[in-house]
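Asker: This structure is in structure tokens; I'll ask about it shortly.
The values are calculated or read from the model by the stated rules, or taken from the named source; none is laboratory data. A quick note: this is a predicted structure, and the numbers were derived from the prediction, not measured. Note that we place each Cβ from the backbone using ideal geometry, even for glycine, and neighbour counts take in every protein chain shown.
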Amino acid sequence: MCSHYEAPESDRLLAGFGVTPETQLPLDLWPLYQGPFIRMRSEAQCDDQTPRLEAIMGQFGLLPFWAKDRKFGRHSYNCRSETGNTKPTFKSAWKKNQKCIIPVAAFFEPDWRSGKSISTRITRTDGGVMAVAGLWERWKEPTGEIIHSYTMLTINADSHPFMKAFHKPSDEKRSIVILPNGLIEDWLDSTVEQTMSFMQPYPPDRLVVDNRSK
């Protein structure tokens, strides 16, 4: 499960998605950090001059409306797609079809094959930005401030030729859901009933271990 990743710089977001947040915070992200996510604008917001997509900043770690404080996000940065529609933390965002894309330049997973955990940096083979499928939510601070947040959707990776190498040998292997570039708007436009059809493994030959692992 992914708890550490790198967001792309603003110029890469613009090149890949046509939008970027107004502010750019640190690119090295962990749960509770602020990072960019991309969602579809409502029809009322769209016109000939306004792009369909918008990029906003939110907390990495989804906050359901009933969360008591932002620290809840330490446990909600990933959502198991198999149970997302029933788990109390995620079911509201799932049923409201609040889909998003989390742009990822690289993500980190622990490689235990040597007998100890080695944090490993993973990128696309071509160096492109990964479009990770996610859910977003809005949450109100006690002060009244609205906080956006997001979570990455995951699938089983026990048989994935690349992702099965990560996490402890005794643990279930999991992978974030990386969408092909051609399916980004299809994902954001899809219905609740179509959600699980996008929960597919990314081709293993399109992922590579980067030597700049931390």
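Asker: Can you tell me which of Gly182, Gly127, Gly144, Gly115 is under 29 Å from Phe65 (Cβ atoms) and small (Gly, Ala, Ser)?
Answerer: Testing whether each residue is under 29 Å from Phe65 (Cβ atoms) and small (Gly, Ala, Ser) leaves just Gly144.
Asker: Here's a follow-up. Need a quick list: strands (runs of 3 or more DSSP E) entirely within the range 101-146 having at least 3 residues that are closer than 22 Å to Asp205 by Cβ and in contact with a Leu (Cβ under 9 Å, 6 or more places away or on another chain).
Answerer: Filter on the range 101-146 gives 118-124, 130-140.
Asker: When only residues in the range 181-210 that are touching a residue at least 12 places away in the same chain (Cβ under 8 Å) and in a loop (DSSP other than H, G, I, E, B) count, which is surrounded by the fewest Cβ atoms within 10 Å (Cβ to Cβ)?
Answerer: Among them, the one singled out is Thr191.
Asker: If you don't mind, another one. Is the range 98-108 home to any residue that is surrounded by fewer than 17 Cβ atoms within 10 Å (Cβ to Cβ) and over 14 Å from Thr151 (Cβ atoms)?
Answerer: no
Asker: In addition: On the basis of being outside any strand (DSSP E or B), more than 11 Å from the chain's Cα centre (by Cα) and either on the phi > 0 side of the Ramachandran plot or in contact (Cβ under 8 Å) with a residue 12 or more places away in the chain (or both), does Gly58 make the cut?
Answerer: no
Asker: Kindly indicate whether any position in the range 31-53 is polar (S, T, N, Q), surrounded by fewer than 18 Cβ atoms within 10 Å (Cβ to Cβ), under 17 Å from Glu145 (Cα atoms) and at pLDDT 95 or above.
Answerer: yes
Asker: List the residue pairs whose Cβ atoms are under 8 Å apart, where the first residue sits in the range 140-164 and is more than 18 Å from Gly73 (Cα to Cα), the second is among the polar types (S, T, N, Q), and the two are 6 or more positions apart or on different chains.
Answerer: Close Cβ pairs satisfying both conditions: Ile155/Ser81; Ile155/Ser175; Ile155/Gln200; Asn156/Ser175; Ala157/Ser175; His160/Ser175; Met163/Ser175.
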